1. Among 201, 182, 160, which is over 17 Å from residue 254 (Cβ atoms), touching a residue at least 24 places away in the same chain (Cβ under 8 Å), touching a strand residue (DSSP E or B) at 6+ places or on another chain (Cβ under 7 Å) and of a type outside the set (Lys, Arg)?
2. Would you tally the residues in the stretch 80-95 being part of a helix (DSSP H, G or I) and either in contact with a Ser or Thr (Cβ under 8 Å, 6 or more places away or on another chain) or free of Cβ contacts under 8 Å to residues at least 40 places away in the same chain (or both)?
3. When residue 234 is evaluated against the numbered criteria (1) modelled with pLDDT of 95 or more; (2) not in a strand (DSSP E or B), which criterion, by number, is the only one it fails?
4. Picking from 77, 18, which residue would you name as being touching a Gly at 6+ places or on another chain (Cβ under 9 Å), part of a helix (DSSP H, G or I) and modelled with pLDDT of 95 or more?
5. Within the stretch 258-282, can you find the residues that are of a type outside the set (Lys, Arg), assigned to a loop (DSSP other than H, G, I, E, B) and within 20 Å of residue 84 (Cα to Cα)?
6. Please work out which residue is nearest to residue 265 (Cα to Cα), limiting yourself to the stretch 4-40 and to residues that are surrounded by fewer than 19 Cβ atoms within 10 Å (Cβ to Cβ) and in contact with a strand residue (DSSP E or B) (Cβ under 9 Å, 6 or more places away or on another chain).
7. Which of the residues that make up the stretch 141-157 are in contact (Cβ under 8 Å) with a residue 12 or more places away in the chain, closer than 15 Å to residue 5 by Cβ and of a type in the set (Asp, Glu)?
8. Evaluate the following for residue 247: is it assigned to a loop (DSSP other than H, G, I, E, B) and touching a residue at least 24 places away in the same chain (Cβ under 8 Å)?
Amino acid sequence: MSIILDGKETAKKIRERLTIEVTELKNNGTTPKLAVIMVGDDNSSKIYVRNKSKACDEIGIEFTEHLLPESTTQEELLELIDELNSNKEINGILLQSPIPKNLDINEAFRRISPDKDVDGFNPVNVGKLVLGQNTFISCTPFGIIKLLEEYNIPLEGKNAVIIGRSNIVGKPMSQCLLNKNATVTICHSKTDNLKEFTKKADILVSAIGKPKFVTKDMVKEGAIVIDVGINRNSEGKVCGDVDFENIKDMTDYITPVPGGVGPMTIAMLMNNVVKATKIQNK
């Protein structure tokens, strides 16, 4: 019988722990503070930022929002990042993506101080993840690992297949699984015979962004299926990359959409802000 990996409930437990830690920090004279930068007027980004603000309020983290117009130049964006880097009251900096195409997001990520890079995108933190060192890990892969740990799912020696090679999910997810001694394969849009890889997966992670892309004939009986996708179906309803209803009964564990990976992503962002605050205040 398949077990639903409840990201909503697991994230709630993490937030409860973080609320206690934030209270202890405040009692010692320190209030964690997250600064979010949003460039342009993307509607999805507005929703994501609102959810992050709500999570901060719940835990007791201060939240400041920097809304920049579509016309913002690269120099102006970098100047704001420099200001936030030097502001000792700011513990975490997050640049909400996407940003306008005329701006270089990778240069912006490089500019964010590694000590305040709570999204884990600065090359210094990416390198530390590859080396297996203590660092800030990209929040979605980090959340997936924590969700698997919550259900005591062993990763060592497992055959893990990831669909998607983005810098935000696919690549850091592969490194997180490698660091847990899984055997990892990354598949992508250029992969031939995709089904041959996915059918062998003990753990299948889909982060491709296509509604119901993963079908029943792509999944091994008894697999663990992690759905990172947030899509809209033809009826406008939120759905994942995985054909959940037709696959769930053949899996050992599976994440729903919504309520699976999404809540864990925000919980791990909160975790990283608290961690950054502790590091900066010893």
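The values are calculated or read from the model by the stated rules, or taken from the named source; none is laboratory data. Bear in mind the structure is a predicted one, so any value in this text is a computation, not a measurement. Here the Cβ is made from the backbone with ideal geometry for all residues, glycine too, and neighbour counts use every protein chain on show.
1. Details: 201 fails: over 17 Å from residue 254 (Cβ atoms); 160 fails: over 17 Å from residue 254 (Cβ atoms).
So the residue among 201, 182, 160 that is over 17 Å from residue 254 (Cβ atoms), touching a residue at least 24 places away in the same chain (Cβ under 8 Å), touching a strand residue (DSSP E or B) at 6+ places or on another chain (Cβ under 7 Å) and of a type outside the set (Lys, Arg) is 182.
2. The initial filter retains those residues of the stretch 80-95 that are part of a helix (DSSP H, G or I), namely 80-86.
Add one more test, that the residue is either in contact with a Ser or Thr (Cβ under 8 Å, 6 or more places away or on another chain) or free of Cβ contacts under 8 Å to residues at least 40 places away in the same chain (or both), and what stays is 82-83, 85-86.
Residues flagged as part of a helix (DSSP H, G or I) and either in contact with a Ser or Thr (Cβ under 8 Å, 6 or more places away or on another chain) or free of Cβ contacts under 8 Å to residues at least 40 places away in the same chain (or both) within the stretch 80-95 amount to 4.
3. Residue 234 satisfies all of (1) modelled with pLDDT of 95 or more; (2) not in a strand (DSSP E or B) except (1).
4. Details: 77 fails: touching a Gly at 6+ places or on another chain (Cβ under 9 Å).
Among 77, 18, only 18 is touching a Gly at 6+ places or on another chain (Cβ under 9 Å), part of a helix (DSSP H, G or I) and modelled with pLDDT of 95 or more.
5. Initially, the stretch 258-282 is screened for residues of a type outside the set (Lys, Arg), giving 258-274, 276-277, 279-281.
So of that shortlist, the ones also assigned to a loop (DSSP other than H, G, I, E, B) come out as 258-260, 281.
Listed by number, the list holds a single entry, 281.
6. Once the filter is applied, the top-ranked residue is 4.
7. 150
8. Details: assigned to a loop (DSSP other than H, G, I, E, B): no; touching a residue at least 24 places away in the same chain (Cβ under 8 Å): yes.
It is false that residue 247 is assigned to a loop (DSSP other than H, G, I, E, B) and touching a residue at least 24 places away in the same chain (Cβ under 8 Å).
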